[in-house]
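The values are calculated or read from the model by the stated rules, or taken from the named source; none is laboratory data. Since the model is a prediction, treat every value here as computed from it, not as a measurement. No Cβ is skipped: glycine too gets one built from the backbone with ideal geometry, and neighbour counts run over all protein chains shown. We work out accessible area using only protein heavy atoms, side chains counted, and drop any ligands, DNA or RNA first. Shrake-Rupley method; radii C 1.70, N 1.55, O 1.52, S 1.80 Å.
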Amino acid sequence: MENILAFLLVFGIIVVVHEFGHFYFAKRAGILVREFAIGFGPKLFHHRKGETTYTIRMFPVGGYVRMAGYEEEADLRPGMAVKVTLDKADKVEKIDIQGTNESVDTVPIEVSSFDLEEEMYLTGRVGTDTEEKTFQVNRDALLVEKDGTILQVAPKDRQFQSASLLQRMLTNFAGPLNNFILAILAFTLLAFVQGGVSSNDSLIGEITEDTPAAESNLETGDRVLSIGGEDVESWNEMVMVIQENPGEELAFQMEDKSGNTYKESIVPMTFEQDGEDIGRIGIAAYMEDSVSAKLSYGFTNTVFIISQIFSLLASFFTGGFSVDQLGGPVAIYATTEAVVQAGAIGLISWLGFLSVNLGIMNLLPIPALDGGKLLLNIIEGIRGKPISQDKEGYITLIGALFLVILMLLVTWNDIQTFFLN
């Protein structure tokens, strides 16, 4: 149960933050945000506030912001029997497609035609009348979908395509941007929670008792200048030299915190790792505990992970693509057990890492992803006019099918890797 709750918490935070980016910039651009959904599939809960309906749906593997003109419209069709609610001026203020509202204030109408974008009207036969009647529709009228979700109708000037190109690009980019901001905040918090950040300088950190380092004159904060006559400039270089010389006496050239130099001879202990003997002397990386180091860690670690992800993506083209290099929700859940065991530090680190990954993946120029939408925005800027909605719809459909197939392959591969092997 702990693993499930941790998975839902981490994944939920990442999704909410991502979608809030789209939501915030859409609102600033004057775009009508009809729904803010967490999860996909059947609706479990909904609450309407202002112009937006907030929903929680059955499958907690994502979410979406439903912007007017950007997502599928409600399923209102000619010939459909609906119930409408009129205001005092006999203008439509609610259209109930679900048709379950039995209030005496509702009017049953068989719809023959409508325009909820420009002329704002609805025409149809009322009750048993044979003649059609036309009603004007309020610009902020509500529309009850078949599953009971309440949305607001979307006049043309409130739709996504009516916003400027820059506003649409900012709205598309805002989701990944929020993921990067979340990662920076998570890694900064991590630095404060763990009391500092590991330095890559060749400095001695915490010394473990009953180890070769503890039996020497090394002290926390001392700097390793060279080992065996070879200059050492980083923690990684120092670790490599020690690991490659198990059981062999090594001559350390040291500098203490006062700037004085001294020499120390240490014989690394021998440990077996992946079938090979490696050396260890019992020291940890030095922890920098200054406020500036903690604050900068959020930025530096986020940039480091971004560079690692781009290196991995580049390897798809140079070394060949393999589905084993990808992981989906199943892999994330399977990894959550180890994260939970690490406690708060593990969860915060995992949150930042996943947030960066989601941000980068969404920026890939694949139709249906934010990166694909940005690519279409750039093409529009170059052409001086937008791609037709029909063509954009086909492109998005192709991208969505590709993503569904890829997700099925990744999920099946994850199930085999973590649960069937």
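Could you please find all residues in region 178-208 being among the aliphatic types (A, V, I, L, M) and open to solvent by 60 Å² or more (accessible area, probe 1.4 Å)? It would help to see each step written out before you state the result.
We begin by selecting, within region 178-208, every residue among the aliphatic types (A, V, I, L, M); these are 181-186, 189-191, 193, 197, 203-204, 207.
Passing the criteria: ILE181, LEU185, LEU189, VAL193.
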* Structure fact -> Looking across region 24-33 at residues that are in a helix (DSSP H, G or I) and surrounded by fewer than 22 Cβ atoms within 10 Å (Cβ to Cβ), the single one that is nearest to the chain's Cα centre (by Cα) is TYR24
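Got a sec? Which of LEU177, LEU182, LEU166 is under 30 Å from TYR286 (Cβ atoms) and either part of a helix (DSSP H, G or I) or under 18 Å from the mean Cα position of the chain (by Cα) (or both)?
Of LEU177, LEU182, LEU166, the one residue that is under 30 Å from TYR286 (Cβ atoms) and either part of a helix (DSSP H, G or I) or under 18 Å from the mean Cα position of the chain (by Cα) (or both) is LEU182.
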* Scan of region 142-154 for residues that are out of contact with any Gly (no Cβ under 9 Å at 6 or more places or on another chain) and either surrounded by fewer than 20 Cβ atoms within 10 Å (Cβ to Cβ) or charged (D, E, K, R) (or both), ordered by number -> LEU142, GLU145, ASP147, GLY148, ILE150
* Asked: Tell me, which residue of region 76-100 that is outside any strand (DSSP E or B) and of a type in the set (Lys, Arg) is modelled with the highest pLDDT?
  -> LYS91
* **Residue match in region 306-321 (condition: crowded, with 16+ Cβ neighbours inside 10 Å, of a type in the set (Ser, Thr, Tyr), at pLDDT 85 or above and within 26 Å of PHE353 (Cβ to Cβ))** => no
* Would you mind listing the strands (runs of 3 or more DSSP E) fully within region 196-292 where at least 1 residues are in contact with a Gly (Cβ under 8 Å, 6 or more places away or on another chain)? => 204-207, 250-255, 269-273, 276-280, 283-285
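For region 19-29, check the following and say yes or no: at least one residue is modelled with pLDDT under 90 and in contact with a strand residue (DSSP E or B) (Cβ under 8 Å, 6 or more places away or on another chain).
Our first condition is that a residue be modelled with pLDDT under 90; within region 19-29, this holds for none.
No, the conditions are met nowhere in region 19-29.
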* Asked: If you scan region 45-81, which residues turn out to be touching a residue at least 40 places away in the same chain (Cβ under 8 Å) and over 25 Å from ILE31 (Cβ atoms)?
  -> PRO60, VAL61
